[in-house]
Each structure stands twice: as structure tokens, then as C-alpha cells.
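Below you'll find the structure, written out as C-alpha cells, and then a few comments.
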Amino acid sequence: MGNGESDKEKKTPLIKDRMNLIPAAAAVVLLIVIAALLSDFTYDLNDDVLMKDILSGAYTGVPEARNIQMLFPLSALIAGLYRLTDAVPWYGLFLLVCQFGSLGIILYRILEAYSGHEDRNVNTSDRTPDPGTILKNRLWILLFSTLFFGGVLLSHLVFLQYTITVAILSGAAMIWFMTSDTSGGPRELLSRNIPALILIFIAFLLRSEMLLLMMPFICVAGISKWAGEEKIFTRENALKYFSLFGVIILLILLGLSIDNLGYNTKEWQEFRALFDARTELYDFQNIPPYEGNERFYEGIGLSKEEQILLENYNYGLSDKIDARILTLVAEHSASLRTEEKSYPEKLREGIRYYLYRLTHLKGPGTDRPYNALGLLLYLFVLLLALGYHRKTSGIADALTLGVLFLTRTLVWMYIILGGREPDRITHSLYFAEFCILFSLLIKNYVITDRAFIEEEQNRKKNVTLILYALICVVFVLQFWFSVRNTKSEDVRRLDVNAPYEELCARMRRDTDSYYLLDVYSTVAYSEKVFRNRDDSFKNYDILGGWACFSPVQRKKLARGIGEDEEAKRRGMEDALLGENVYFVRDKEQDMDWLPAYYDAQGIKTLLTLEEEVAGRFEIFKVERQ
């Protein structure tokens with residue numbers, strides 16, 4: 001009989017894991033089905049398409065282990081998978097697994113937190129809870145969580161972007177940590193949070209800058225757990241939490257060390273210097289106009305025609321534009337901005353802009369519905385913290401809200417003052433903030449009140465239920481709006497992508513030719529992950545962009561125009577004048593800059609329109625006169 005009880009005890013954790021894992025997995029499968037019905041999974045931006053092309057071999061003809069944006073260990077792994085078989089879209093599949101897998105982890109951990117709460121209450125009560133009630137509450141919590149995260153992320157689950165993927169991985173790590181048992185010493189805390197550490201490490205390898213932007217929120221998650229300790233300021237607690245943070249730092253240093261080894265060649269180091277200068281110029285500064293800055297441009301040896309190449313991003317046409325030039329232009333732009341406005345003035349403007357984005361629900365430049373949803377979550381958690389729970393716990397959570405709001409304010413001011421706040425970054429910041437707010441809402445209040453709400457006084461019970469009902473309505477509406485917006489975005493993309501897809505098909509049929517495209521004629525287009533995929537060599541490239549002048553870009557150009565040593569030394573300026581090389585532009589884009597540039601180099605050119613494609617694009621032959 002003793003052995004039978006022992007066997008039962010051994011089986012119990014596995015049964016409980018299945019009770020949480022299976023519903024969480026089912027909810028994720030449902031979200032996958034909904035997403036797939038709304039649209040084909042699509043790379044959101046041409047950045048992800050280029051990363052995929054480099055990894056898959058569509059860029060140079062062979063899978064490349066260095067795709068510039070990712071850190072080397074991860075890019076080498078994905079490229080290795082493409083080398084094994086190109087029948088699988090490994091990069092897109094990796095993003096999908098990270099995103100939906102993280103959602104599964106989030107839902108699983110929330111259900112597991114409910115199970116732990118349920119066990120604690122059963123052990124401390126002589127009353128056996130009704131199994132039907134427990135099941136109903138479990139399903140309610142699952143629905144509650146699925147509606148929230150599905151509604152917030154739905155469009156990003158369909159239109160994949162690696163920056164958003166980093167935020168989702170980081171959010172899953174935060175929720176794992178915030179729902180973990182913190183009893184015991186540093187070793188126990190570390191062992192329980194190994195999955196969270198793995199998620200953070202993967203996120204860092206995928207896009208290091210974005211994970212570093214998530215780190216303040218990860219620290220807030222740690223502060224929240226530390227504040228929940230029975231005795232906060234003890235040597236053991238300090239050792240526990242600083243040890244966990246130290247491991248994260250060590251993982252970051254490990255990733256950077258391996259990445260530096262992977263790019264430890266002169267060619268790649270020179271390109272990385274250029275890449276950093278390009279990032280500073282295009283992402284954080286403005287390109288000063290030639291008029292009014294003639295002395296500066298003449299001083300660095302850049303003509304008006306070459307400055308125009310910087311403006312239209314086609315700077316790959318000139319080998320003169322290197323890391324030194326880009327750095328000098330970025331520094332000059334920064335100095336002009338400093339002269340225009342003092343730092344206190346910029347700070348005041350930044351604060352006004354931050355408050356505008358935070359509070360305005362209508363008008364241009366707002367963050368609706370994310371800002372509205374965030375404000376409601378703050379309000380719900382604060383009301384529950386101050387009014388319906390133990391005083392000590394409520395004060396701790398109210399203080400956590402204060403620390404979180406201060407943290408989000410500092411991070412937002414950082415990106416606003418840096419002049420860099422695209423949706424993929426701002427939505428990521430909102431998601432990180434939502435994960436902490438939702439953890440507080442679920443772990444501390446929803447679980448407690450829904451599981452044993454009959455113990456509350458009637459007044460508290462009714463008010464709490466009203467708050468939950470209001471939250472549910474908000475989540476349902478958010479999910480519905482996300483479905484509608486995702487479908488609308490899919491229709492728009494199909495319309496926008498159709499001409500470009502026709503152009504790509506036309507160029508790839510002409511395997512003996514090579515095409516160089518105006519950069520801004522291509523930025524609005526994307527590709528599907530699974531449908532109509534072709535990872536064979538693409539015989540076209542853009543005249544600029546973040547891969548320009550990289551070793552892989554020069555390798556691609558050499559393959560496109562010839563494999564001999566002379567071809568490998570030729571740049572785009574010379575290549576565009578060669579046989580079977582053509583220039584492509586969107587008819588809406590100006591091209592007067594092209595003959596003007598060659599004329600400034602002492603080369604008279606003749607541009608001949610060879611073909612019009614899809615009523616949108618024009619293919620030109622550029623020849624010497």
C-alpha cells in the first residue's frame with residue numbers, strides 16, 4: 001500500500017503538467033489557425049527578407065553563416081539548417097516557433113501559477129474545492145490570457161519581424177520569472193529559471209540591441225519578485241537576485257565573444273565600422289542638404305551628386321562613400337541639431353511628445369490602442385492592489401507599478417530623444433510593459449479572487465467581478481479589432497506586393513542578366529514565408545541598404561556580373577555600365593540623379609527604356625555614350 005501511494009505521488013506532477021500544458025498548447029494551436037485563416041504568414045519588412053535571403057542562399061547562391069543583423073552563433077545555426085535542406089523555410093519557421101512557442105510558455109506558466117495557488121489553498125484548508133469550479137476557473141483564466149495576448153500580438157504573429165520576436169521572447173522570460181517559486185537559495189532560483197535564461201539568450205542572439213532595450217523591463221520583473229519576499233533586505237535575497245542578473249550578463253558576454261570570433265576578419269571588421277556609421281546616420285541623424293553645407297561636403301571630398309546618393313540611399317553606386325564619410329556626415333548632422341536646439345529645449349519637447357503619445361487616443365502619431373490598453377491595465381492593477389487585498393501586498397504592487405512607470409518613461413524618453421521610434425520598437429516596449437502588468441493582474445488578483453472568491457465579502461466580491469467583466473470586455477474588443485486590422489493589412493499587402501512579385505518573376509526568368517534596383521522603389525514590399533517561396537539565387541540587388549559594401553554583397557555582385565577576379569573588384573558604378581546589367585525603378589521615383597552622377601564622374605551615359613513591368617516598374621539599360 002505504501003508503494004502504491006509512492007507511485008501516485010510520482011505521477012501527480014506529470015498529470016498536473018499535462019493539465020496545464022495541453023490546454024496551453026491547444027490555445028496556441030487555435031491562435032495559429034486564426035492567424036493562418038486571416039493571412040499567409042509574411043515577412044513584415046524587407047529587412048527580414050534580406051536576412052532570410054542571406055541565410056538561405058538566395059542572396060549569394062549559398063547559405064551564408066553571417067547575415068550581419070543576427071549574432072554569429074544563431075545565424076550560423078540557421079544557415080547550417082539551410083545547407084542540410086532548402087526545402088524548409090528555416091528562418092521564417094524559427095521566428096514562428098519563437099513567437100508561438102513563447103505564447104505557449106506564457107499561457108502554460110499562468111495556468112501553472114493557478115495550479116500552485118490551488119494546491120496551497122487545498123493544503124491550508126479543510127474544505128475540498130469543487131472539481132467543476134476548478135476546471136471552470138482554469139478555462140476562464142486560459143481564455144482571459146489568450147484573448148489578451150492574442151489581441152495585442154495578432155498582426156505581429158502574422159507579419160513576422162525579428163525585432164518583435166525579441167520582445168515576445170523577452171516577455172515570456174519575464175512571465176516565467178514572475179511566476180516562478182523563489183524559495184531557497186541562489187542555486188534553486190537559477191535552476192528554476194533556466195528556461196527564462198535560455199529565452200533571454202536566444203533573444204540577444206537574434207537582435208542584441210532590442211534585448212538590451214528590454215533589459216530595464218526584465219530588471220523591473222526581478223524587482224517585483226524581490227519586493228514580494230517576506231524579508232526583502234537580506235543578504236540571501238541580494239545574493240539570489242544579483243546572481244540571476246549576473247548570469248544574464250555572462251550570457252550576453254558569451255554571445256558577444258562568439259560573435260566577435262565569427263566576424264574576426266579584416267574585411268568584416270571594416271564593414272562593421274561602416275555598418276555602425278550607416279546606422280547612426282540613417283537611424284538617428286538626418287542627412288544635411290547640400291545647399292548651405294557646401295563647405296562641409298567639399299571638405300570631405302563629396303560632390304553634390306554623391307550627396308544625393310546618400311539622400312536616396314543608393315550610395316552603393318559610389319565606392320568613395322565608406323565608413324569615414326558616413327561617420328563624418330553623421331557627426332556633422334548631430335552638430336547641426338545641437339546648434340538648432342539646446343539639450344534642455346530638446347528635453348522639454350521630448351517630454352511633451354511623450355505625454356502626447358501616452359495620453360492621446362486620436363490624431364496622428366498616437367499609439368492607440370496600445371496606450372489606452374496600457375492605461376487601463378495600470379488602473380485595474382492599482383485599484384485591485386489598493387482596495388481588495390492584503391495591505392502589505394497591495395502597497396508592494398502599487399510601488400511596483402510606480403517603478404514600472406518610471407522605467408517605461410526613461411526608456412521611451414531614450415528612444416524619443418534619439419529620434420528612433422518606429423512601430424516595431426514602440427510595440428515591443430508596450431508588450432514588455434504589458435507582460436509585467438498582466439503578471440501582476442493574473443498572479444496576484446485574478447487567480448486569488450476567482451478561485452476562492454466566495455470568501456470575499458459581498459461588496460468586495462461584486463466590485464471585483466465588475467472589474468473583471470470590464471477587463472474581459474476590453475480584451476474581447478481588442479482581439480476583435482486586431483482580427484479586423486490584420487485582415488485589412490493582408491488585403492493592402494496583396495495589392496502592394498502584386499506588381500513587385502511580377503517584377504521579381506520577370507527578372508528571375510532572365511538568368512543571364514543582373515538587375516540593380518533603386519532602393520526606395522523596393523522598401524514597401526515583402527515576401528510570404530511558405531507560399532511562392534524560391535530560395536535559388538536572386539539575380540538582382542538594391543543600390544544601397546544595410547548590406548551594402550559587405551563581403552556578402554560584394555560576393556553577390558561578383559556572381560551576378562561574372563566570376564573572374566576582375567569582376568570581383570568591380571563596384572556597382574562600373575557594373576551598371578556593363579553588358580546584361582540593368583537599372584530598375586518604380587515609375588514614381590525620380591531618376592535624374594543617375595545620369596547626373598555619372599556625368600559628375602566624367603562619364604556620359606545613355607539610358608534606354610527596355611521594358612515596363614506591371615504598369616509600375618521600368619527597366620533601363622545604362623550605356624556609355
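Could you list, in sequence order, the residues of region 523-534 that are surrounded by 15 or more Cβ atoms within 10 Å (Cβ to Cβ) and at pLDDT 90 or above? Listed by number, the residues that qualify are Glu527, Lys528, Val529.
The strands (runs of 3 or more DSSP E) found wholly in region 566-625 and carrying at least 2 residues that are more than 17 Å from Leu317 (Cα to Cα) occupy 605-613, 617-624. Tallying residues that are without any contact (Cβ under 8 Å) to a residue 60 or more places away in the chain, in a helix (DSSP H, G or I) and of a type in the set (Ser, Thr, Tyr) within region 191-237 yields 1. All conditions but one from (1) surrounded by 18 or more Cβ atoms within 10 Å (Cβ to Cβ); (2) at pLDDT below 90; (3) of a type in the set (Lys, Arg) apply to Arg408; the one that does not is (2).
Restricting attention to region 287-298, does a residue exist that is aliphatic (A, V, I, L, M), closer than 25 Å to Gly418 by Cα and within 30 Å of the chain's Cα centre (by Cα)? Within region 287-298 (the criterion being aliphatic (A, V, I, L, M), closer than 25 Å to Gly418 by Cα and within 30 Å of the chain's Cα centre (by Cα)), the answer is yes, since at least one residue qualifies. Ser180 fulfils the conditions (1) over 14 Å from the mean Cα position of the chain (by Cα); (2) among the polar types (S, T, N, Q); (3) assigned to a helix (DSSP H, G or I) except for a single criterion, (3). Taken together, Ala172, Ala196 contain a single residue that is hydrophobic (A, V, I, L, M, F, W, C), modelled with pLDDT of 90 or more and closer than 19 Å to Pro23 by Cα, which is Ala172. When each of Leu516, Leu494, Leu503 is tested for being surrounded by fewer than 18 Cβ atoms within 10 Å (Cβ to Cβ) and either assigned to a helix (DSSP H, G or I) or assigned by TED's automatic domain parsing to the domain that holds Arg616 (or both), the lone residue that passes is Leu494. Taking the conditions exactly as written (more than 28 Å from Leu143 (Cα to Cα), in contact with a helix residue (DSSP H, G or I) (Cβ under 7 Å, 6 or more places away or on another chain) and at pLDDT 90 or above), does Tyr82 satisfy them or not? Here the answer is yes, as Tyr82 does meet what is asked.
The sole residue among Ala65, Ala35, Ala58 that is in a helix (DSSP H, G or I) and touching a Ser or Thr at 6+ places or on another chain (Cβ under 9 Å) is Ala35. Considering the conditions (1) at pLDDT 95 or above; (2) under 19 Å from the mean Cα position of the chain (by Cα); (3) polar (S, T, N, Q), Ser56 is excluded by exactly one of them, (2).
Considering region 357-368, the residues that are under 14 Å from Thr426 (Cα atoms) and at pLDDT 85 or above include one that is surrounded by the fewest Cβ atoms within 10 Å (Cβ to Cβ), namely Leu358. For region 412-433, filtered to residues that are over 17 Å from Asp283 (Cα atoms) and in contact with a Phe, Trp or Tyr (Cβ under 8 Å, 6 or more places away or on another chain), the residue that is surrounded by the most Cβ atoms within 10 Å (Cβ to Cβ) is Ala432.
The values are calculated or read from the model by the stated rules, or taken from the named source; none is laboratory data. Being a predicted model, the structure only gives us computed values, none of them experimental. Positions of Cβ are generated from backbone atoms using ideal geometry, with glycine treated the same way; all protein chains shown enter the neighbour counts.
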